[in-house]
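The values are calculated or read from the model by the stated rules, or taken from the named source; none is laboratory data. Since this is a predicted model, take the numbers as computed values, not measurements. Every residue, glycine among them, receives a Cβ derived from its backbone with ideal geometry; neighbour counts consider all protein chains shown. To get the accessible areas, we keep the full protein, side chains included, count just its heavy atoms, and leave off ligands, DNA and RNA. Shrake-Rupley method; radii C 1.70, N 1.55, O 1.52, S 1.80 Å.
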Amino acid sequence: MRKIKNIPNIVLNNGISQPLVGYGTYKVGYVPPSASGSKGVAKGKADDAENIVRDALVSGYRFLDCAQFYGNEAAVGRAIERSKVSRSKLFLASKIWCDNIYKGPEAIREQVKRTCKDLKTTYLDLYLIHWPVPGKHVQAYKTLEKLVDEGTIRSIGFSNYTIEDYEELKREGIRVKPVVNQIEVNPFLHRKRTIAYFQKREGIVIQAYRGLRQGKHLNHPLLMELSEKYEKSPAQIMGRFVVQCGVVYITKSIKVSRMVENADIFDFEMDEKDMSRLSQLTTSKNLDDFRSLYLKCIVRDTP
Ligand code: NDP
């Protein structure tokens, strides 16, 4: 099997390091019924994630991005066990879904226990609030702070937070500094102001999901042009864009050759002009679509 060359680490604001590229487990084996485009029907079998995630570990990924919502954590746990990669070499992250954020502290604690059992671990390296459920996410964050005190979680953060969501948390007097905000980042959705606020002003690392924009625009003329110029694939141009913005890149493919290709982005650098041309692919329509998705997702699976 082809192997990934060395993936560099980034140091979080609590001194803990994490790999700059991670493997995302969403839609690996299983697609949840309330996923965008699923029309209320689940697809696939969570068990199929076992072999795929094992391939990701054998090819060299050490950071696994998991979530309650992805519905496949037990299979991910079996993949970890079969891979024989030792726990200390892994960076395991998961997220609490909106239904449990809505239900409150007890439900959150139960879910964290379940995730640890499924992933066959006694602690998580990182745990995130998946979406800032209105009226509920502050209490959820404070529950995670207690789980840090208790040693079940080493670092906490959130996903899909706007500047305003984080400012609400700060007003409510949180004790444990968040280390990460996981948001969509790619040339087609490059929210520069939000990224700068978290990265530069607050020292919070941005993790990018959908760095490939779901693989839907890889034949865009600018990506093709840069692919030729830098002698890298369009997917590698997109991944390089993310890490060159100082952002952690979470990438997902069910195919081993793509798993390796996606992490092979540390042997070239794009010039500033090309970075700026890529960033300009972010249109006001993409930003509007993102706003609508945000409003839908912050209350998904809640009454
Ligand atoms: P991506 O932008 O990473 O795109 C994944 C798609 O691109 C898949 O269909 C994959 O197909 C295809 N692909 C992967 N590599 C290549 C390649 N080299 N060439 C061509 N096509 C390729 O989207 P995701 O939504 O999967 O995001 C990645 C991860 O981010 C998720 O798995 C999850 O962990 C996280 N995430 C977090 C969210 C959040 O709210 N916090 C939301 C969404 C994702 P194939 O598998 O067939 O290769």
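Descriptive notes on the structure:
- Met238, Met224, Met1, ranked by accessible area, largest first (probe 1.4 Å): Met1, Met224, Met238
- In this simple spin-label approximation, Val148 and Lys170 carry label points 7 Å from Cα along the Cα→Cβ vector, and these lie 1.6 nm apart.
- Listed residues Tyr30, Tyr61 arranged by accessible area, highest first, probe 1.4 Å: Tyr30, Tyr61
- In plain terms, the chain from Asp47 to Asp288 could stretch by 83.1 nm, reckoned as 0.36 nm per residue minus the Cα-Cα distance.
- A simple rule links phi to the HN-Hα coupling: the Karplus curve 6.51 cos²θ - 1.76 cosθ + 1.60 with θ = phi - 60°, which for the range 8-20 gives x, 9, 10, 9, 7, 5, 9, x, 7, 9, 9, x, 6 Hz, with x for Gly and Pro.
- Residues whose amide H falls under 5 Å from that of Lys43, counting only those 5 or more places apart or on a different chain, are Val31, with hydrogens built in the peptide plane.
- Under 14 Å, Cβ to Cβ, from Cys98 - net charge with Lys/Arg +1 and Asp/Glu -1: +2
- Radius 10 Å from Cβ of Thr302, net charge of other residues (Lys, Arg +1; Asp, Glu -1): +1
- Whole-Hz Karplus values for the range 182-190 come out as 9, 9, 6, 9, 6, x, 8, 9, 10 Hz, taken residue by residue from phi with 6.51 cos²θ - 1.76 cosθ + 1.60 and θ = phi - 60°; glycine and proline positions read x.
- About the centre of its Cα atoms, the chain shows a dipole size close to 380 debye [charges on the beta carbon of Lys, Arg (+1) and Asp, Glu (-1) only; nearest 20 debye].
- Reachable aspartates and glutamates from Lys84, criterion Cα separation under 15 angstrom, eight or more residues apart if same chain: Glu50, Asp55
- Under Karplus coefficients 6.51, -1.76 and 1.60, residue-wise ³J(HN,Hα) of the range 266-283 in Hz, glycine/proline x: 10, 10, 7, 9, 8, 7, 4, 5, 5, 4, 5, 5, 5, 4, 6, 6, 6, 9
- In Å², nearest 10: area of Asp267 left accessible to a 1.4 Å probe: 100
- Sorting His220, His130 by solvent-accessible area of protein heavy atoms yields His220, His130, largest first, with a 1.4 Å probe.
- Long-range amide H partners of Ser34 with built H, under 5 Å: none
- Amide proton proximity set for Asn9, modelled H, under 5 Å, gap of 5+: Leu20
- Straight Cα distances below 27 angstrom link Lys43 to the lysines Lys27, Lys95, Lys103, Lys113, Lys117, Lys120, Lys216, Lys252, Lys255, Lys296, with same-chain residues fewer than 8 positions distant left out.
- Label positions at Glu225 and Val256, each projected 7 Å from the Cα along the C-beta direction, are separated by 3.8 nm.
- Cβ-based net charge around Ser155, under 11 Å, with every Lys or Arg adding one and every Asp or Glu removing one: +1
- Rounded to the nearest 10 Å², the accessible area of Cys245 at probe 1.4 Å: 30
- Low-density loop positions, GluC sites (Glu not before Pro), the range 173-242 - DSSP coil, at most 10 other Cβ in 10 Å: Glu231
- For the chain, the 222 nm mean residue ellipticity estimated from helices alone, with every DSSP H stretch of n ≥ 4 adding -39500 (n - 2.57) and the total spread over all residues, rounds to -11500 deg cm²/dmol.
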